[in-house]
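Here's the structure, in structure tokens; my notes come after.
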Protein chains: 2
Amino acid sequence: MGSHPPGLTWALIQEARARIAPHINLTPVLTSRTLDEESGARLYFKCENFQRGGAFKARGATNAVLSLADTELGRGVATHSSGNHAAAVARAARLKGVPAYIVMPQNTAAAKRAAVERLGASITLCEPTHAARERAAREVLETTGASMIHPYDDLRVMAGQATTAVELLEQVAELDVILCPVSGGGLLSGIAVAARALKPRIRIIGVEPEGADDAARSLAAGRIVPCERPDTIADGLRATLGERPFAEIRRHVDAIVTVSDAAIVTAMRHLWEVLKIIVEPSGATAYAAVSAARVAVRGERVGVIVSGGNLDLDSLPWIRRAPE
Amino acid sequence: MGSHPPGLTWALIQEARARIAPHINLTPVLTSRTLDEESGARLYFKCENFQRGGAFKARGATNAVLSLADTELGRGVATHSSGNHAAAVARAARLKGVPAYIVMPQNTAAAKRAAVERLGASITLCEPTHAARERAAREVLETTGASMIHPYDDLRVMAGQATTAVELLEQVAELDVILCPVSGGGLLSGIAVAARALKPRIRIIGVEPEGADDAARSLAAGRIVPCERPDTIADGLRATLGERPFAEIRRHVDAIVTVSDAAIVTAMRHLWEVLKIIVEPSGATAYAAVSAARVAVRGERVGVIVSGGNLDLDSLPWIRRAPE
């Protein structure tokens, strides 16, 4: 055992919770006797689709931005993201009245770009490659002196996402296991550290799409193994696992299971029909592990993280649209 | 002022609440700062799409069935309905372990028919006309001796639906106005009587589609004026106002406003996007009166009844499907 970089601690999570509580929603936990009967388990859906901005990302971004010293804050904050994290950083910056600089790939959906613009952020467009994003972000940081808020490889962000599990374990006593989607790992690592601190014997299972299974492969290999070409309908789960999240996942996560895109779509539609809530593909991925029988949870009390509900309602995976 | 038939009373509503409480969901009230900013009002969405069976109908049907004497119950219950009321009666009958006889038009969606069959009800199909329905129901009643549970023209059903407002006014203090969709009038009349009993100065506004505006015309004429051919996307709002509901609506409802189908679809989609909940067209109709500016509620605290969330997810009004 050599020296480790500092990791996520329960103290950081408690600080995060106090810091962000006035600015985020305490999201509800939904249950359904239909889904319980089907699964043979008791399912508790932690609904981050009802979070501000429609996804859990508000937690981590708000904690990171509010953690900055005033001198740092004055120069603004920056990130690169095409999705929910960009809007979450823009919203947190607006809370503090400081500039937000967002690097977005040119092919970002117009609606997402407009949402970030409405929040008052400055947008820099770049080529839709990882290298171009990093380069554009570096230029923005050099020009502005803004503080980088990484979408997941950041302890402040991880601590914010961890508050999801703190709430869930206050709302539901005696969970046996928590199922959580994994992409960059900010949410899964945060939830794992928080849940273990509160309930040392709880099981934590990450769920990811078969077409973006870098977390499963990384856990097996003991080092981060990126996916060359992530290919999944779950657009929120295409990022590569970060170093800091991976360190916590290795320590605290019991297993990573994978689900097919078909299982994700089936799960998503079933949640719409039965729970009457809008869930995006990434948000249905944890439940897909139950509905597609990729986890053994019969007779157990299962926390299921519904991570978000932002998607283009004009384009649903189960409807083939007529040409324009 | 001649003699009136007995009407809906606060005592009946209180009895209904105690009777059905163990068998229905206390549904949540959702709020949204986005929708509040857009409307200039404070909107409180009473979410009956989260009710058992996905619609408020569980309240009235359960109250009516549980009100029957054991001798009546033994012969079963019957109704005619193509929609949520049929499933609600079937579910209530199953609670008591008695037969349910449901008359349905032949053109009822297969999914709705299957749902009622799964609940163990006996289904009688009939031609899709009002006369054929009534005739088939009469035959069923004569053959079986079952008790008729009318979808809305029944004080026990109205008292059950009224409990929606009792809950809402406990959940949200100081509402200025309640907006509620109107079809046969069971829900609107129940809500009006309950809300007036609790808050005599509250305003109650019914909302109906332009293509099924019999309530607006009836209120203006002082007698029930049926629509010859109701034509609206809101399939739950095509029934004709009942006598008993109309009597209460005349006494207690301040106004009926109408909204176009286009406004209903826009409102429905907006609720999906912002509140992240599945709402059927009928369920979005009350909110459509706000979003299409058919009511003046600026600066007020507004209860908005979201009556249900059951619809065919393969066929959304804003997506033109490719031919099979």
Query raised in the report: Which of (1) charged (D, E, K, R); (2) out of contact with any strand residue (DSSP E or B) (no Cβ under 6 Å at 6 or more places or on another chain); (3) assigned by TED's automatic domain parsing to the domain that holds B:Glu72 is the odd one out, the single condition B:Arg133 does not satisfy?
Result: (2)
Report summary line: Selection over region B:30-62 where residues are more than 25 Å from B:Arg118 (Cβ to Cβ) and out of contact with any Gly (no Cβ under 8 Å at 6 or more places or on another chain) yields a count of 13
Query raised in the report: Which pairs do you get when a residue that is within 14 Å of B:Ala289 (Cα to Cα), found in region B:197-208, comes within reach of a residue that is of a type in the set (Asp, Glu) and crowded, with 19+ Cβ neighbours inside 10 Å, reach meaning Cβ atoms under 9 angstrom, with the pair 6+ apart or on two chains?
Result: B:Glu208/B:Asp214
Report summary line: Checked region B:37-53 for anything among the small types (Gly, Ala, Ser) and either modelled with pLDDT under 95 or in contact with a Pro (Cβ under 7 Å, 6 or more places away or on another chain) (or both); matches are B:Gly53
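Looking at region A:55-70 only, could you name the residues that are over 11 Å from A:Gly160 (Cα atoms) and in contact with a helix residue (DSSP H, G or I) (Cβ under 7 Å, 6 or more places away or on another chain)?
A:Ala55
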Report task. Give me a count of the residues in region A:58-88 that are surrounded by 24 or more Cβ atoms within 10 Å (Cβ to Cβ) and under 13 Å from A:His23 (Cβ atoms). Result -> 9
Query raised in the report: Between residues in region B:162-185 that are in contact (Cβ under 8 Å) with a residue 40 or more places away in the chain and residues that are polar (S, T, N, Q), which pairs lie under 6 Å by C-beta distance while being six or more apart or on different chains?
Result: B:Pro181/B:Ser282; B:Pro181/B:Thr285; B:Pro181/B:Ser307
Report task. Collect the residues in region B:162-206 that are among the β-branched types (Val, Ile, Thr), more than 20 Å from B:Gly242 (Cα to Cα) and in a helix (DSSP H, G or I), keeping them in residue-number order. Result -> B:Val166
Query raised in the report: Would you pick out the residues in region A:23-74 that are of a type in the set (Lys, Arg), under 25 Å from B:Trp272 (Cα atoms) and either over 19 Å from the mean Cα position of the chain (by Cα) or within 13 Å of chain B (Cβ to nearest Cβ) (or both)?
Result: A:Arg33, A:Arg52
Query raised in the report: Under the condition of being among the charged types (D, E, K, R) and not assigned by TED's automatic domain parsing to the domain that holds B:Thr164, which residue from region B:274-324 is modelled with the lowest pLDDT?
Result: B:Glu324
Requested in this report: Please work out which residue is nearest to B:Thr240 (Cα to Cα), limiting yourself to region B:133-161 and to residues that are of a type in the set (Ser, Thr, Tyr) and not in a helix (DSSP H, G or I).
Outcome: B:Tyr152
Report summary line: Going through region A:257-288 in order, the residues found to be of a type in the set (A, V, I, L, M), touching a Gly at 6+ places or on another chain (Cβ under 9 Å) and either buried (at least 22 other Cβ atoms within 10 Å of the Cβ) or more than 27 Å from A:Leu198 (Cβ to Cβ) (or both) are A:Met268, A:Leu271, A:Val274, A:Ile277, A:Ile278, A:Val279, A:Ala286
Query raised in the report: Looking at A:Arg217, is it surrounded by fewer than 20 Cβ atoms within 10 Å (Cβ to Cβ), out of contact with any strand residue (DSSP E or B) (no Cβ under 8 Å at 6 or more places or on another chain) and away from chain B (no Cβ under 14 Å)?
Result: yes
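Looking only at helices (runs of 4 or more DSSP H) that lie completely in region B:232-324, which have at least 3 residues being farther than 18 Å from B:Ile205 by Cβ and of a type in the set (D, E, K, R)? It would help to see each step written out before you state the result.
Numbers: elements: B:243-252, B:261-275, B:281-291.
Because the criterion is at least 3 residues that are farther than 18 Å from B:Ile205 by Cβ and of a type in the set (D, E, K, R), the helices (runs of 4 or more DSSP H) in region B:232-324 that meet it are B:261-275.
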Query raised in the report: Considering region A:5-26 alone, what residues qualify as being of a type in the set (Val, Ile, Thr) and assigned to a helix (DSSP H, G or I)?
Result: A:Ile13, A:Ile20
Requested in this report: Could you check, for region B:107-126, whether at least one of its residues is at pLDDT 95 or above, acidic (Asp, Glu) and not assigned by TED's automatic domain parsing to the domain that holds B:Arg217?
Outcome: no
Report task. Give the residue, chosen from A:Arg203, A:Arg223, A:Arg156, that is under 18 Å from A:Tyr287 (Cβ atoms) and either buried (at least 17 other Cβ atoms within 10 Å of the Cβ) or charged (D, E, K, R) (or both). Result -> A:Arg203
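What's the total number of residues in region A:27-54 that are under 18 Å from A:Leu95 (Cα atoms) and not in a helix (DSSP H, G or I)?
Residues that pass the stated criteria total 1.
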Query raised in the report: Considering A:Pro245, A:Pro226, A:Pro230, which residue is under 15 Å from A:Trp10 (Cα atoms) and not assigned by TED's automatic domain parsing to the domain that holds A:Gly83?
Result: A:Pro245
Report summary line: Checked A:Thr62, A:Thr79 against criteria (within 21 Å of A:Tyr152 (Cα to Cα), modelled with pLDDT of 95 or more and part of a strand (DSSP E or B)); the one match is A:Thr79
Report summary line: A careful count of residues in region A:260-280 that are on the phi < 0 side of the Ramachandran plot, within 12 Å of chain B (Cβ to nearest Cβ) and in contact with a strand residue (DSSP E or B) (Cβ under 7 Å, 6 or more places away or on another chain) gives 6
Query raised in the report: Quick one: in region B:289-298, which of the residues that are surrounded by fewer than 24 Cβ atoms within 10 Å (Cβ to Cβ) and among the small types (Gly, Ala, Ser) is nearest to A:Leu311 (Cα to Cα)?
Result: B:Ser291
Report summary line: Considering region A:296-324, residues that are of a type in the set (D, E, K, R) and within 14 Å of chain B (Cβ to nearest Cβ), and then whichever is farthest from A:Leu30 (Cα to Cα), we arrive at A:Glu324
**Report entry** region B:92-132, residues that are among the aliphatic types (A, V, I, L, M), outside any strand (DSSP E or B) and touching a Pro at 6+ places or on another chain (Cβ under 9 Å)
**Finding:** B:Ala93, B:Ala121, B:Ala132
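Just checking, does region B:120-129 include any residue being surrounded by fewer than 24 Cβ atoms within 10 Å (Cβ to Cβ) and out of contact with any helix residue (DSSP H, G or I) (no Cβ under 9 Å at 6 or more places or on another chain)?
Within region B:120-129, one or more residues are surrounded by fewer than 24 Cβ atoms within 10 Å (Cβ to Cβ) and out of contact with any helix residue (DSSP H, G or I) (no Cβ under 9 Å at 6 or more places or on another chain).
The values are calculated or read from the model by the stated rules, or taken from the named source; none is laboratory data. It should be emphasised that the depicted structure is a prediction, and the values quoted were computed from it without experimental measurement. Please note: Cβ atoms are built from the backbone with ideal geometry, for glycine as well, and neighbour counts cover all protein chains shown.
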